[in-house]
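J.: One structure, pasted below without further comment.
The values are calculated or read from the model by the stated rules, or taken from the named source; none is laboratory data. Bear in mind the structure is a predicted one, so any value in this text is a computation, not a measurement. We place every Cβ from the backbone using ideal geometry, glycine too, and count neighbours over all the protein chains shown.
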Amino acid sequence: MASDGVLLRCTSEEKNGEGFRITFTMDGVAFRHVDSLLEVPAEAGDRVFMDVLPLQHTDDAIERIRRGVEVYYLRRLTLVKKRREELKLSSKSAKSDIKVLMEIEERWFRRVSEDFLMMRRMTAAYRSLMKVHQQLINKSKALSERERSIQKPLIESAEEQMEKLAVEISEEAGKRYPAYNRLVEELGIYGNLSAMEALAELITYIDGSKGFVKTANLFGLFKAIRGRRKFYDGRLRQALQRLTSSVNGIRSLHLTAKLEKQTLFEVWKTVREAHGRLAIPAQQG
C-alpha cells in the first residue's frame, strides 16, 4: 500500500468473550477480518478510522502510531445508529457498520496519541477498582458484624491497590502532560491521591485546541436548551465531581454545576495555555 494517506475504515466486534475481532476495508468493497491492529495493512502516512478502540488493542494501536500511522475512533457511537437509519440499512453486521462509518464526517472522529492511549488504559483500570471497592462497601452494610470483619481485608486490599495505581497514574500524567504538575499545585490537591487521579483523567480527555463551551459539553455542563437531547461522558463527569469535591472540601452531595464548571474552567485554561493558546475567560459563562 502506498503511504500517501490511504483511509482504512475498521470496526471491532466482540467474539464470544474472547477479545475483539477487527473487520476492515480499504475501498468499501472488499472486506477482511483480523485479530490485531498490527495485521491491518497500514503504513506511515495512512489513517485508520474505527468505531471503537477497545482497551485490548492499546499496545497494537501505540505500535501503529509509533510507525507513523494515524489512528482515529468515533467520538459518539450514537451516530452509527442514526446514520444507519438515514441510509436505511437494516443489517447490524460489521460490514454494514463500516459502510456507515464511511458516511460519517471526519470531524466526529478523535485522533489518538500514545499519551492518550496509555492514560486511558490506566484510568480505566482505576475506575474498575473503584467500582469493586464501592460494591464491597455497599454489600458490607447488609452484613452482620462478624461477616463485615471477614470482608474487611478485601476492602482494605482494594483501597491499597487504588492508592498504588493512583500514584502510578499521577506520576505518568506528570511526565506526559506539562499542565498536570502545575495544576496539582494550583488546585492544592498534592497528596490527595483520588483527586490527583481524577485530574489526570480530565487532562487526558481535554483537548487544548477546543474552546471551553465544547469542553463543558463533553462533561455534560450544557447551557439549558429545551428539547435537545444531551450526550456526554458520564465517567468524565464523575471524575470532575471527585476533583471538585476535593478542591472545595465538600461532600459530593453538596456539589453544584457552577462549582464543577469553575473547576473545569481552571483545568481547561491551564491545559490551553500549555498548548500555547490564550484562554478567554469570557467563555466560562
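J.: Taking the stretch 190-246, which residues are β-branched (V, I, T) and either touching a Gly at 6+ places or on another chain (Cβ under 7 Å) or modelled with pLDDT of 90 or more (or both)? Break it down into steps so the answer makes sense when it comes.
T.: Of all residues in the stretch 190-246, those β-branched (V, I, T) come to 203-204, 206, 213, 215, 225, 244.
Across the stretch 190-246, the qualifying residues are I203, T204, I206, V213, T215, T244.
J.: Now a separate question. Find the helices (runs of 4 or more DSSP H) located wholly in the stretch 135-207 whose residues include 1 or more that are of a type in the set (S, T, Y), touching a residue at least 12 places away in the same chain (Cβ under 8 Å) and not assigned by TED's automatic domain parsing to the domain that holds A124, and list them.
T.: none
J.: Filter the stretch 71-98 for residues that are surrounded by fewer than 18 Cβ atoms within 10 Å (Cβ to Cβ) and in contact with an Asp or Glu (Cβ under 7 Å, 6 or more places away or on another chain); which is nearest to R110 (Cα to Cα)? Walk me through it before giving the result.
T.: Applying the first criterion (surrounded by fewer than 18 Cβ atoms within 10 Å (Cβ to Cβ)) to the stretch 71-98 yields 75-78, 81-82, 85-93, 95-96.
If we keep only those that are in contact with an Asp or Glu (Cβ under 7 Å, 6 or more places away or on another chain) too, we end up with 77, 87.
Values: L77: 12, L87: 23 Å.
Going through the qualifying residues, I end up with L77.
J.: Next up: Report, ordered by the first and then the second residue, all pairs with beta carbons closer than 9 Å, sequence separation of six or more or different chains, a first member in the stretch 240-256 that is touching a residue at least 60 places away in the same chain (Cβ under 8 Å), and a second member that is buried (at least 20 other Cβ atoms within 10 Å of the Cβ) and assigned to a helix (DSSP H, G or I).
T.: Hits for this filter: V247/L187; V247/A195; V247/T263.
J.: Moving on to the next point. Report, by residue number, each residue of the stretch 135-151 that is out of contact with any helix residue (DSSP H, G or I) (no Cβ under 8 Å at 6 or more places or on another chain) and within 25 Å of A195 (Cα to Cα).
T.: Correct list: Q135, N138.
J.: A further question on this structure: Pick out, from the stretch 19-113, the strands (runs of 3 or more DSSP E) lying fully within it that include 2 or more residues that are closer than 27 Å to D233 by Cα. Quick ask: steps written out before the conclusion?
T.: On the way: elements: 20-25, 31-34, 47-50, 70-74, 109-111.
Qualifying strands (runs of 3 or more DSSP E): 20-25, 47-50, 70-74, 109-111.
J.: Something else: Counting only residues that are in contact with a strand residue (DSSP E or B) (Cβ under 7 Å, 6 or more places away or on another chain) and at pLDDT 85 or above, how many does the stretch 1-53 have?
T.: Filtering the stretch 1-53 down to residues in contact with a strand residue (DSSP E or B) (Cβ under 7 Å, 6 or more places away or on another chain) leaves 5, 7-15, 20-26, 31-35, 37, 40, 42, 46-53.
Okay, now just the ones that are also at pLDDT 85 or above, so 22-26, 31-35, 37, 40, 42, 46-53.
Total satisfying the criteria: 21.
J.: If we scan the stretch 198-219, do we find a residue that is loosely packed, with under 14 Cβ neighbours inside 10 Å, basic (K, R) and more than 17 Å from the chain's Cα centre (by Cα)?
T.: Looking through the stretch 198-219, none of the residues is loosely packed, with under 14 Cβ neighbours inside 10 Å, basic (K, R) and more than 17 Å from the chain's Cα centre (by Cα).
J.: If I ask for residues that are touching a helix residue (DSSP H, G or I) at 6+ places or on another chain (Cβ under 8 Å) and either farther than 22 Å from K164 by Cβ or not aliphatic (A, V, I, L, M) (or both), which ones from the stretch 188-208 would you list? If you could, list the steps in order and put the result at the bottom.
T.: At the first step, the residues of the stretch 188-208 found to be touching a helix residue (DSSP H, G or I) at 6+ places or on another chain (Cβ under 8 Å) are 188-190, 192-208.
G188, Y190, N192, S194, E197, E201, T204, Y205, I206, D207, G208, listed by residue number.
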